[in-house]
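This report concerns only the one structure given below.
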Amino acid sequence: MRRGGALAAMAAEQRELGRLSALAVYRRVAGAGRLERRRRGAQLPARRKRAKARARRGRAGGGGPEPEAPPRPASPPAAPSSRVELPVEVRGEPQPGWAAAGPEEKPRGGPATIPGGPRAAGEDDGGGVSGLLRRLGRLEDSRQRAAELFRWLLAPVAPDEFLGQHWERAPLLVRRGDPRYYAGLFSTADLDAALRDGEVHFGTHLDVTSYAEGVRETHNPSGRALPAVVWDFYQNGCSLRLLCPQAFSPTVWHLLSILQEQFGSMVGANTYLTPPGTQGFAPHYDDIEAFVLQLEGKKHWRVYSPRTDAEVLPQFSSPNLTQAELGEPVLETVLEAGDLLYFPRGFIHQGNCLPDAHSLHITVSSYQGNSWGDLLEKLLPAALQMALEEDVEYRRGLPMDYLGYMGVANSDAVDARRTAFMEKVQSLIKRLIDYAPIDAAVDQMARSFLHDCLPPVLTQSEKAQSIYGFPARWQDGGPHNVDIQITKDTEIRLLRHGIVRLCNEETGVMLYYTTENSRVYHKEEPKFFELDPEYTDSIEFLLSSYPNHVSVGNLPCETLEERISLATLLFEKGILTTKRPLVQV
């Protein structure tokens, strides 16, 4: 593989991809043509070589797989209107088997492995969120895991009802009357343990905040967040916001890594610990869909509708707002442990603790930067540049005298030249659709999503059947169990449905993947490698076959050697698992 200077060049190229990648894909006529011919049945020139990652790839390393991926909603929600619906409160019992009960096991670091496989007689999954995640681990299809976890998150509200009536429209309050519903997800004891582990730093991982007399302040010292310092802040009335709790809690990481496949968008989280009788943050609205899960204690919430049409589903979060800017809340409630509060982006919110109890909640968020407008920001510049290159009408000069009748100063003038000018602009804009590389722009949205993704959390059986459980080791003076023996009869499948994405880019066909991502947002560069175009049919075959296993000999490559080489490469990257462990130990 080419390294060194080639990798540096790749990094520079990646910085440009966000702006021009859709155009780059569209431009790659030769490559795109070859792929299209392949789909129509024409054979590509035979290449007798081992499939391998070529020069362009993300930085080596990463969190390693330990994850889990989820599916999308069965029926997409209808497009929201700018009219704001009233919030709804739901009371009810969760579905059987979902309520938390009993002790909890939670690993404290490294790749999380969740017991999987058939349940033995008398085996107990245990209660709480960890028990739920273990049960989900027995579902073969990662999309089904995600759908079931989404159902648990909303219960007793059905997902279709939520998507049709609340998603991007109106707040939803779910009172469960079950303080153990989220047991084991995260606790003040987990926060304390994270502080003692020594990896939490002020500003980077933890914010110390207060809000009093209309003033919001941050009190972060520099350096490590030592327990004595942090708890002293809390004791003196400051709130604690833990950023990226998935980096410190395997259970939070596992939950978010499943939900991200459901949403098809990054799913993040913050935890908030607030002392009794205090408030940590000023009223504001966010640019994310927010699910507030009350873990401990209780908190008083007020939620306000967007004040103007411009604040409905905003692209960016607001600054801190004053009470005088708010009006009357559309929802005012006290969340207790086990309750859920959802509100769409653009809804102003503030929460404060009552004098008799502290509050710990986790906010699960999604859909940041995932709008039609975000897609068009990638698509339209690419379409315009392609139009400039291919259509002379976009390169013709403006009228010499257009400054005399166009512009704000002339906007009220009645002039036939203005009418003709406006019609010309409208015509050129309409014709842009002919040059718009829509699929390429969607692929670039997907590429960004895969960079955002958490790595998967493996069940014990998945670990045993993947590279992460391969028993290679140093023993008796030399390496043992090193050779990965994949044959034409080896049965394989993707680890998760949502962990790979093929992108046809100007420099080649790239396969992006999530198994080497970090638990910390964008700590690692995007993970990908260049794939020879003749292997794209095999990737598509694996995607369409999931969750079923297929024999390596059935991959649509031209030779058996290429089938085995491709399967070996994907196995080494943690992208594939085998039906049975390759080495029995």
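The values are calculated or read from the model by the stated rules, or taken from the named source; none is laboratory data. Since we're looking at a predicted model, the values are computed, not measured. Note: ideal-geometry Cβ built from the backbone for every residue, glycine included; neighbour counts use all protein chains shown. Please note that ligands, DNA and RNA were not included when accessible areas were found on the heavy atoms of the full protein model with its side chains. Shrake-Rupley method; radii C 1.70, N 1.55, O 1.52, S 1.80 Å.
Table for the structure above
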{"item": "Candidates P381, P319, filtered to the one that is touching a residue at least 24 places away in the same chain (Cβ under 8 Å), more than 29 Å from L185 (Cβ to Cβ), touching a Leu at 6+ places or on another chain (Cβ under 9 Å) and open to solvent by 40 Å² or more (accessible area, probe 1.4 Å)", "result": "P381"}
{"item": "Extreme residue, nearest to A158 (Cα to Cα), among residues of the stretch 352-365 that are open to solvent by less than 10 Å² (accessible area, probe 1.4 Å) and part of a strand (DSSP E or B)", "result": "V364"}
{"item": "Count - residues of the stretch 434-444 that are part of a helix (DSSP H, G or I) and either among the aliphatic types (A, V, I, L, M) or open to solvent by less than 40 Å² (accessible area, probe 1.4 Å) (or both)", "result": "7"}
{"item": "Residue ID - farthest from M510 (Cα to Cα), chosen from residues in the stretch 450-497 that are among the acidic types (D, E) and part of a helix (DSSP H, G or I)", "result": "E462"}
{"item": "Out of R431, R447, sole residue that is outside the structural domain of S239 (by the TED database), assigned to a helix (DSSP H, G or I) and under 30 Å from S249 (Cβ atoms)", "result": "R447"}
{"item": "Pairs where the first residue, in the stretch 398-414, is among the aromatic types (F, W, Y) and the second is in a loop (DSSP other than H, G, I, E, B), C-beta under 9 Å, 6+ apart", "result": "Y405/P399; Y405/A413; Y405/D415"}
{"item": "Odd one out for A79 among (1) under 23 Å from the mean Cα position of the chain (by Cα); (2) modelled with pLDDT of 60 or more; (3) open to solvent by 60 Å² or more (accessible area, probe 1.4 Å)", "result": "(2)"}
{"item": "Selected residue [outside any helix (DSSP H, G or I) and hydrophobic (A, V, I, L, M, F, W, C)] from L185, L195", "result": "L185"}
{"item": "Residue selected from the stretch 452-487 under the condition open to solvent by 70 Å² or more (accessible area, probe 1.4 Å) and among the acidic types (D, E), by the criterion farthest from R501 (Cα to Cα)", "result": "D476"}
{"item": "Condition met for D339 (open to solvent by less than 40 Å² (accessible area, probe 1.4 Å), farther than 16 Å from L432 by Cα and of a type in the set (D, E))", "result": "yes"}
{"item": "Test: residue in the stretch 402-422 that is within 22 Å of E389 (Cα to Cα), aliphatic (A, V, I, L, M) and in the same structural domain as L388 (by the TED database)", "result": "no"}
{"item": "The stretch 142-161, subset free of Cβ contacts under 8 Å to residues at least 40 places away in the same chain and assigned to a helix (DSSP H, G or I), residue most open to solvent (accessible area, probe 1.4 Å)", "result": "E161"}
{"item": "G373 being assigned to a loop (DSSP other than H, G, I, E, B) and within 20 Å of Y285 (Cα to Cα)", "result": "no"}
{"item": "One residue from L133, L185, L172, L139 being crowded, with 21+ Cβ neighbours inside 10 Å, under 26 Å from N370 (Cβ atoms) and not assigned by the TED database to the domain that holds P306", "result": "L133"}
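One line per residue, one yes/no per condition, for (1) assigned to a loop (DSSP other than H, G, I, E, B); (2) open to solvent by less than 40 Å² (accessible area, probe 1.4 Å):
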| residue | (1), (2) |
| --- | --- |
| A189 | no, no |
| D207 | no, yes |
| P221 | yes, no |
| V229 | no, no |
| Y234 | no, no |
| G237 | yes, yes |
| Q246 | no, yes |
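Rundown of residues vs (1) over 20 Å from the mean Cα position of the chain (by Cα); (2) surrounded by fewer than 16 Cβ atoms within 10 Å (Cβ to Cβ), yes/no style:
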| position | (1), (2) |
| --- | --- |
| R496 | no, no |
| G508 | yes, no |
| P526 | no, no |
| L531 | yes, no |
| S545 | yes, yes |
| N554 | yes, yes |
| A567 | yes, no |
